[in-house]
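A.B. asks: There's a structure below that I have some questions on.
Values quoted throughout were computed directly from the atomic coordinates according to the rules given, and no laboratory measurement underlies them. The shown structure was predicted, so the numbers you read here are calculated from the model rather than taken from an experiment. Note: ideal-geometry Cβ built from the backbone for every residue, glycine included; neighbour counts use all protein chains shown.
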């Protein structure tokens, strides 16, 4: 593929509206690109119009996984955008559209790198794991990890956005994410006769105070050398139907960022026990986990991360890519060291990597993609075209060096 064909391929999948679902069209588009000798493709149906995609080229040797998600978040009000969120408009070196940064540029860069390495008869095994439902629930990665697609990998690269301005960082660890909901069931009555009912809001708030105090103890007593302490939040609350009725139902939901020392399984057991101890005497609370991603803590000095740092060194443009395919100003920017040297770091966010890594903690792990963190999920989201093209060659170089 030449430069223009690579850009057009990315534009094509930007134009597919895969908002929190409907990933099937993206999967089918990519599958049609990925045909050839020794290439195996498999659509993993998750739901109507939703399918993950697994593609493998095997020539023996080390097994390296490349993963990304095909869903995007909602564009919100299209009228707030200066550029059509699904128009894939190009202005200068920027390609605009929902999902350009998070993370269809990474997805397509991995796809084209895979194609070109397969054509070159790559001396190893590459497995693409393209998922549904990362933005809400991480359903696809949970499904693929349960099916064992990451169990035999030597390394995994997650193509999520790595740039904050002109600084790129490799993420080797991230906190876990634990979404929960506490529901309180009461008995309705007229507000003039509260004794005839059970106030679901009162019971909910009583429990909220207990939970908050207990969580403050956990946050204080458990600490991780990288992440620090657990982060506890209550983020949604609702209850009651009208002002002159004792409410018969109420609930609150929240998100907890977890650490290995007090991970998601411990958190679940802890809150479950607290709810059971609270219930009784007209108190009827229900606890449910609505989403759970375990923390990831891999080796920051792994072979994979060392190779990515070497290949992505902004002071070595010749190691990044074939610069003849890039915009001259972009290459000069690299040569002038306007991009900062990359480092390995951690994130408080979570990715599909949580499900894959916690099935196979022996594999090398890195999150590194062409998108910009500061523009993801925002109006007029964009990706730098030349950065996207750079990453195609970057991924190829990393995989070639890793198998040696």
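A.B. asks: Rank-order 62-68, 115-121 by packing density, defined as the average count of other C-beta atoms within 10 Å over each peptide's residues, highest first.
C.D. replies: On the way: 62-68: 24.0, 115-121: 15.3.
Top to bottom by mean Cβ count within 10 Å: 62-68, 115-121.
A.B. asks: Can you give the log10 of the normalised intensity I(q)/I(0) at q = 0.09, 0.11, 0.13, 0.23 Å⁻¹, computed with Debye over equal Cα scatterers of the range 176-293?
C.D. replies: -0.28, -0.40, -0.53, -1.25
A.B. asks: Applying 1/(1 + (r/R0)^6) with R0 = 56 Å to the Cβ-Cβ distance of residue 362 and residue 242, what FRET efficiency is obtained, to the nearest 0.05?
C.D. replies: Details: r = 57 Å, r/R0 = 1.02.
Result of the calculation: an efficiency of 0.45.
A.B. asks: Need one number: nm distance between label points at residue 206 and residue 38, each 7 Å from Cα along Cα→Cβ, rounded to one decimal.
C.D. replies: About 6.8 nm separates the two model spin labels.
A.B. asks: What order, most packed first, do the peptides 44-50, 104-110 have when packing is the mean number of other Cβ atoms within 10 Å of each residue? Show your work: numbers first, answer last.
C.D. replies: Details: 44-50: 15.1, 104-110: 29.3.
Order by mean packing, descending: 104-110, 44-50.
A.B. asks: Two decimals is fine: what is log10 I(q)/I(0) at q = 0.12, 0.13, 0.19 Å⁻¹ for the range 238-306, from a Debye sum with one equal scatterer on every Cα and no solvent?
C.D. replies: The Cα Debye sum returns log10 ratios of -0.53, -0.58, -0.91.
A.B. asks: Where Rh is the Kirkwood radius over the Cα pairs of the range 155-200, the temperature 37 °C and the viscosity 0.692 mPa s, what D in µm²/s does Stokes-Einstein return?
C.D. replies: Working: Rh = 16.1 Å.
The estimated diffusion coefficient comes to 204 µm²/s.
A.B. asks: Let me know the volume per residue of the alpha-carbon convex hull for the chain, in Å³. Provide the component values of the computation, followed by the final result.
C.D. replies: Numbers: hull volume 60.4 nm³, N = 404.
Each residue corresponds to 149 Å³ of Cα convex hull volume.
A.B. asks: Turning to a different aspect of this structure: Could you check which residue among 33, 294, 215 shows the biggest mean-square fluctuation in a GNM of the chain with a 10 Å Cα cutoff?
C.D. replies: 33
A.B. asks: In whole percent, what relative contact order does the chain give with Cα contacts below 8 Å and a gap of six or more residues? Each step should come with its number before you reach the end.
C.D. replies: Values: 884 pairs, mean separation 98.1, N = 404.
Taking the mean separation of contacting Cα pairs over the length of the chain, I get 24 percent.
A.B. asks: Would you mind getting me the FRET efficiency between residue 136 and residue 5? Use the beta-carbon distance for r and R0 = 35 Å, nearest 0.05. It would help to have the intermediate numbers written out before the result.
C.D. replies: On the way: r = 33 Å, r/R0 = 0.93.
Rounded to the nearest 0.05, the efficiency is 0.60.
A.B. asks: Further, regarding this structure: So if I take the alpha carbon set of the range 3-96, get Rg, then get Rh from the Kirkwood formula, what is the Rg over Rh ratio?
C.D. replies: On the way: Rg = 15.7 Å, Rh = 15.2 Å.
Looking at the range 3-96, the ratio lands at 1.03.
A.B. asks: Sticking with this one: By counting other Cβ atoms within 10 Å of each Cβ, how are 71, 202, 269 ranked from fewest to most?
C.D. replies: Numbers: 71 25, 202 18, 269 10.
With the sparsest Cβ surroundings first, the list reads 269, 202, 71.
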